Structures are given as structure tokens and as C-alpha cells.
Amino acid sequence: MSTLYLGLDASTQSLSAVLIDLDTRNAVCDISLNYDETLPHYGTQNGVLDNPDPKIVHAPPLMWAEALDALFDTLKAEGVSLGHIRAISGSGQQHGSVYLNAGIVRALSNLDPAKSLVQNLDGVFSRNTSPIWMDSSTRVECDEIRAALGGLQATTRATGSTTFERFTGPQIRKFYKTQPDAYAHTAHVMLVSSFMASLIAGTVAPIDHGDGAGMNLMDIQRRAWHPRALDATAPGLSDRLPPLAASRAVIGPVSRYFVDKYDFNPQAQALVWSGDNPNSVIGLGLIREGMVAISLGTSDTYFGTMKFCQTDPRGEGHVFVSPTGDYMTLLCFKNGSLARDAVRKAHGLDWDDFSRALQSTPPGNDGKIMLPYFEPEIVPNVLVPRVHRFDLDERDAAGNCRAVVEAQMMSMRLHAEWMGVRPSAIYATGGASVNPEILQIMADVQNCPVYPFEVTNSAALGAALRAAHAHLNASQDTPWEDLIAGIANPLSASAVSPSNPAVYDALRKKYAECEQSALGI
Ligand code: ADP
Ligand code: XUL
């Protein structure tokens with residue numbers, strides 16, 4: 001009998017499943033179900049409901065439950081051996097919250113396989129829609145909670161991040177302030193991750209430390225609910241939140257609903273779920289301090305791992321708990337491919353021309369510097385977009401191409417310094433990671449080897465690996481290294497080594513000064 005582990009990923013637009021076979025070290029199944037296409041009756045576009053106020057972004061939680069039935073119907077119809085699955089975990093879009101009345105406990109423990117999950121959940125929501133991570137309507141509540149916790153630095157030290165509009169605490173506070181009756185009827189507040197885990201386990205699931213860190217409600221050092229943050233958010237909140245748990249925690253056996261309906265093994269274990277970013281850290285194989293992943297997408301993101309908890313005194317980065325039990329950081333640089341594309345287009349170049357421009361210019365760019373804030377920037381915080389140039393002529397096509405990439409790489413290094421951990425290996429993903437000239441600059445600025453890493457579904461894969469890790473470690477010590485070998489490793493053959501690191505030691509100082517002068521620090 002094969003040893004299968006299932007990872008699910010309830011993301012913004014779809015529910016995905018990755019099933020791994022540890023004997024063959026293969027993903028035996030990797031499917032995705034798009035909400036808009038499969039469940040059009042919820043009327044979502046890209047997984048969210050239309051709202052006249054662009055700051056308000058909600059999704060229907062019932063849709064996520066219906067997607068679970070639809071996914072398992074598909075897997076069963078395709079003949080996937082669901083009975084061979086030993087353990088299940090999952091990943092949820094971070095920050096989104098689900099509000100339930102006291103009826104949910106009974107509904108979960110009596111899930112009737114003759115009915116759908118939607119029918120089983122009839123009448124249990126105290127709020128029919130869930131604010132998700134794209135919602136930015138809680139500016140006032142962010143200010144209130146941050147002030148109550150003693151300001152930006154105190155909030156960051158306490159919860160791992162300063163208050164952000166999408167974080168769950170400010171969202172809960174807004175719900176309490178604007179719909180006090182509905183809040184009063186709310187017996188349980190869940191995250192997307194813990195809501196889905198609750199359905200699988202048939203009981204109210206804990207929130208794991210990784211996703212809990214995205215709420216502005218968890219004491220990041222103690223990994224326990226932070227009483228002052230709870231008080232600053234809404235009255236009676238501690239009664240409405242589930243316990244916190246490590247992300248290797250087993251909730252219990254999978255609910256009878258899935259055994260009877262989809263032929264799951266009654267002994268299959270339901271694990272706590274986590275957020276998509278903590279899960280991706282595992283799906284990318286970032287299991288040790290110093291391992292970093294940089295995704296070069298529309299925006300660039302930097303995932304770092306650290307053993308001890310450091311927080312960002314400027315409040316730009318987030319600290320979450322990694323599924324390994326260490327800490328992870330998430331830094332999002334808005335002007336990623338967005339800025340590279342803007343420079344490329346401004347000079348009428350295609351990507352081959354852009355690469356030739358990087359080849360024809362020297363590392364360090366003869367001191368030419370750009371601050372590429374084509375759009376408002378998150379890290380560093382720049383509200384009014386503006387491109388700054390120092391010793392750089394706007395018409396110098398090749399100089400501008402090199403300047404934008406060097407700026408992005410120096411900014412990443414500069415704004416990750418607070419972690420106190422230098423990268424030992426960088427895994428590069430996302431659209432621009434196919435460009436070796438860009439990766440060379442990354443390797444030189446970071447003075448560290450860069451490995452291109454092709455990933456699909458890293459969150460679902462990470463969840464499947466977490467399920468395997470928890471299940472195996474219950475009976476024998478199974479290190480993360482052994483578990484991810486051959487499943488979540490980059491191709492060493494294509495590594496890019498640093499060849500000109502020294503030149504950036506001087507340029508980084510100049511870059512930091514330019515940034516300070518532009519930001520008026
Ligand atoms: P998203 O964040 O939308 O998922 P992707 O990771 O798919 O983004 O990356 C898409 C981006 O990759 C495009 O916007 C483009 O700028 C960039 N890209 C594609 N090919 C190259 C290349 N050869 N060099 C640099 N950037 C590239
Ligand atoms: C992280 C964040 C997003 C969501 C996407 O803070 O808001 O990455 O997790 O699902």
C-alpha cells in the first residue's frame with residue numbers, strides 16, 4: 001500500500017490539492033479547482049465578491065466549504081486512492097476570517113454524509129462573508145490598536161508586525177464596531193486555515209502559530225494570545241478564539257463525513273492547517289536558518305528564515321512562525337517586475353535587449369543609482385510614487401537597466417538586515433528568475449549562491465510535507481532534510497555563484513544614503 005500525504009491549499013482564487021507518495025517521492029496528483037469557474041453561483045470574480053467600495057474585499061466562506069466537496073468528488077471520480085492517505089494538512093490564504101455562531105460545534109461533530117457540506121453548515125454563520133487579505137478598509141482600527149499597544153515599534157515587537165489593514169485583529173475590530181449585534185452572536189472566530197481544518201477534523205480546530213502571527217493578536221515570542229492585543233481589538237475576544245497550536249499538531253482523526261463519503265481511512269490524521277506563506281517556506285525547502293527564497297514576480301517577495309525572533313524596527317517586514325518551529329520573515333517589494341518592465345518599455349527593449357544591457361555594463365554601474373518607486377512602495381514605505389536618479393541620466397538605456405536591478409537587490413539586502421542573519425543560499429522563483437543576468441546581480445549583491453527554483457503549488461506541497469512530517473515523527477525521528485530530499489530541492493547544476501561581490505560593499509553605502517535623502521530620513 002502506498003504511503004500518501006495530502007496537502008490542500010485554499011487560496012484566493014482556487015482550492016488545490018497535492019498528494020505525495022513518500023515511497024516514490026512523487027506528487028501523484030496535483031489538481032486545482034477555480035472558484036469562479038466551478039462555483040459560479042457565488043458570483044465571485046477572481047475569488048472575491050464585487051463591492052462598490054474598492055477597499056472592501058470579501059469572499060463567501062460557504063464557497064470554500066463547497067469547493068472541498070467538489071474537490072473530493074473530483075478526486076474520487078478520478079480513482080485517486082483516498083483510502084491510502086495517512087495524514088492531511090492544508091494552507092489557507094493568510095489573514096482572512098470566518099465568523100460562526102454557537103451552532104458550529106454541533107454541526108461539525110454531526111456532519112451528515114448524506115448531505116453536502118453546504119447543507120450541513122446551514123445557519124451556522126454569524127457573518128455571511130469573510131474579509132480577506134486584499135481588504136484595506138481598516139485604517140482607523142489599525143491606528144486604534146497600534147496606539148493601544150504603545151505605537152509602531154511596541155506593536156511590532158509584541159505581535160511580529162505593526163498593524164496592517166488586512167491583518168485579522170483590525171478586521172475583527174471593524175466588525176465589532178460596525179456590526180455589534182452580529183459580533184455578539186459570534187461564538188467562534190476562525191481563520192480560513194482553521195475553518196477548513198475544522199471541516200476536515202469535524203471539530204473546532206486550533207490556529208497554528210504561523211497563521212496566528214498574521215493577526216496582530218499573538219505574542220510572537222511566547223506564541224500565546226496577547227491579552228493586551230485582544231483587549232485592544234474587541235471585548236470578549238478570548239472566548240471566541242480557539243487555542244493556538246504548533247503547526248505539527250494533530251487535531252484528531254479525519255471526520256466520519258470524509259470516511260463515509262470519500263472512502264478515507266478512519267485512522268487518517270487531520271493536522272492543523274497554516275497560512276500559505278508558512279506552508280510555502282516548507283514547499284520551497286527553506287528548513288534552516290539563512291535559507292532564503294526570493295520570488296521575482298509582479299512584486300518581489302523575500303522569505304527569510306531565522307532561528308531567533310527579531311522584529312523589524314521600521315515595521316516594514318512581517319515575522320511569522322515557520323512550520324519548522326523557527327521564525328520566518330516576509331518582505332514584499334511592490335516595484336518588482338513592475339519596475340523592471342517599466343524601464344525595459346521606456347527604452348523600447350525586449351528581455352533579450354535588457355539582458356544584453358546588463359552584460360554590457362559593469363557591476364556597480366560606475367556609481368549610477370536609481371530608486372525605482374514607479375508605484376507606491378511597501379519596503380521602504382513610499383506613499384507618493386517617484387523615480388529618483390543619482391549620477392544617472394534618464395536617457396542612458398543600459399545604465400537604467402542595470403540601475404533598476406541593482407537597486408532592487410541592494411534594497412532587499414538593506415531591508416533584511418534587521419534579521420541579523422545573512423543568507424547562505426537563495427532560491428529564486430517567479431517570472432524573472434529565468435534571467436541569468438538578473439540572478440548574477442542577486443548573487444553578487446547578496447554574496448551568496450543563487451539557485452533557480454521552479455515551483456508550482458508550493459503552499460499545497462508544503463502542507464503535504466507538513467502532514468508527512470507530523471505523521472512520521474509520531475513514531476520515528478524524521479528530520480526535515482530527509483523528508484524534503486528529492487521533493488523540494490533546487491537544481492544545483494544551475495546555481496549562480498557570486499563573482500563580483502566586493503564592488504557592492506561600497507555601492508550599498510551610497511544606495512542607503514540616496515534612500516535616506518529621498519525619504520527625508
Ligand atoms: P506574478 O506575480 O504575476 O505571478 P510572474 O512570477 O508570473 O508574476 O512573473 C511575471 C513577470 O516576469 C513579467 O511581468 C515579466 O516582467 C517577468 N519576466 C518574464 N520573462 C523575463 C525575463 N526574461 N527577464 C526578466 N523578467 C522576465
Ligand atoms: C501575506 C499576504 C498574502 C496572502 C496571500 O501577508 O497577505 O501573501 O497570504 O494569500
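The values are calculated or read from the model by the stated rules, or taken from the named source; none is laboratory data. Keep in mind the model is a prediction, meaning the values are calculated, not measured. Here the Cβ is made from the backbone with ideal geometry for all residues, glycine too, and neighbour counts use every protein chain on show. Only protein heavy atoms, including side chains, enter the accessible area calculation; ligands, DNA and RNA are left aside. Shrake-Rupley method; radii C 1.70, N 1.55, O 1.52, S 1.80 Å.
Figures for the structure shown
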{"quantity": "Taking the chain and dividing mean pair separation by its residue count, relative contact order in percent (alpha carbons under 8 Å, at least six apart)", "calculated": "15 percent"}
{"quantity": "Of the DSSP H helices in the chain, those whose Cα atoms cover at least 27 Å axially and whose Kyte score averages 0.0 or more", "calculated": "none"}
{"quantity": "Rounded D (µm²/s) - the chain, Kirkwood Rh over Cα pairs, Stokes-Einstein at 4 °C, 1.567 mPa s", "calculated": "55 µm²/s"}
{"quantity": "Kirkwood estimate for the stretch 4-279, i.e. one over the average of 1/r between Cα atoms, Å", "calculated": "18.9 Å"}
{"quantity": "Loop GluC sites (Glu not before Pro), the stretch 75-147 (other Cβ atoms within 10 Å of the site Cβ: 10 or fewer; DSSP)", "calculated": "78"}
{"quantity": "Heavy-atom accessible area per residue - the chain, 1.4 Å, Å²", "calculated": "38 Å²"}
{"quantity": "Heavy-atom accessible surface of the chain: percent carbon and sulfur, 1.4 Å", "calculated": "50 percent"}
{"quantity": "Proximal lysines relative to residue 177, as straight alpha-carbon distance under 20 Å, when same-chain residues fewer than 8 apart are discounted", "calculated": "55"}
{"quantity": "Partner lysines for residue 345 [C-alpha distance under 26 Å; skip if fewer than 8 residues away on the same chain]", "calculated": "334, 368"}
{"quantity": "Environment charge at residue 150 (Cβ cut-off 12 Å; Lys +1, Arg +1, Asp -1, Glu -1)", "calculated": "+3"}
{"quantity": "Relative contact order of the stretch 4-279, pairs being alpha-carbon contacts under 8 Å that are 6 or more residues apart, as %", "calculated": "22 percent"}
